[in-house]
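The values are calculated or read from the model by the stated rules, or taken from the named source; none is laboratory data. All of these numbers come straight from a predicted model, not from anything done at the bench. What goes into the accessible areas is simple: the full protein's heavy atoms, side chains included, and nothing from ligands, DNA or RNA. Shrake-Rupley method; radii C 1.70, N 1.55, O 1.52, S 1.80 Å.
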Amino acid sequence: MSFDMKQNWTDADVAKLLASVEDDRDWRLEVDKNGLASLQDKTGNPTDAVYDQELHCYFELWQQGTDFVGPSAAGDKQLVASIANALRKNYPTLEQGQFLYI
């Protein structure tokens, strides 16, 4: 699942994105240069500087079992709002740099 940040989107879209995966591996929320926000499995696909430079922005790695993704995370209104606010502040113009931390 993903959503296009160039279109109208809401906190509910962030919650749906978080709910679309299980907290059974390491995940990272990334926004590509075209504005597509998605969760990427980093357990078997670690990143490097070259990969990261091709992105618009990305969040810290959310390690397995930390409740940043999955149904529990999607139901956490404060977490969803924090992620949504960070995305809004940094798209289309980066406010705090490419690496986003909540």
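Leaving out same-chain residues fewer than 8 places away, which lysines sit with a Cα under 18 Å from that of Lys33?
Lys6, Lys89
Anyone know which of Ala15, Ala81, Ala49 comes out most mobile in the 10 Å Cα GNM of the chain?
Highest fluctuation among the options: Ala49.
On the full set of protein chains, 1.4 Å probe, figure out the accessible area of Phe3 and give it in Å² to the nearest 10.
Rounded to the nearest 10, the figure is 20 Å².
Return the sequence-ordered ³J(HN,Hα) values of segment 4-11 in whole Hz as given by the Karplus equation 6.51 cos²θ - 1.76 cosθ + 1.60 applied to θ = phi - 60°, using x for Gly and Pro.
Calculated HN-Hα couplings, in order: 8, 6, 7, 9, 5, 9, 10, 4 Hz.
Sequence gap at least 6, Cα distance under 8 Å: using those rules, report the relative contact order of segment 1-84 to the nearest whole percent. Before the final figure, lay out each step's value.
On the way: 140 pairs, mean separation 32.1, N = 84.
Computed value for segment 1-84: 38 percent relative contact order.
Name the long-range amide H neighbours of Cys57: under 5 Å, sequence gap of 5 or more, or other chain; modelled H, no Pro or chain starts.
Hits under the 5 Å cutoff: Val31.
Of Asp52, Asp11, which has the most accessible area with a 1.4 Å probe, and how do the rest follow in descending order?
Values: Asp52 20, Asp11 55 Å².
Most to least solvent-accessible, the answer reads Asp11, Asp52.
For segment 55-102, what are Rg and Dmax over the alpha carbons, in angstrom?
Spelled out, the Cα radius of gyration and Dmax of segment 55-102 are 11.3, 32 Å.
Could you derive backbone 3J(HN,Hα) for segment 91-98 from the dihedral phi with the Karplus parameters 6.51, -1.76 and 1.60 (θ = phi - 60°), listing whole Hz in sequence and x where the residue is Gly or Pro?
Working through the residues one at a time gives 9, x, 9, 6, 9, 10, x, 5 Hz.
For the chain, report the convex hull volume of the alpha-carbon atoms normalised per residue, in Å³, without decimals. Write out the running numbers ahead of the final one.
Details: hull volume 8.8 nm³, N = 102.
Here the figure is 86 Å³ per residue.
Working only with C-alpha atoms, what are the Rg and Dmax values of segment 1-60, expressed in angstrom?
That works out to 11.7, 32 Å for Rg and Dmax.
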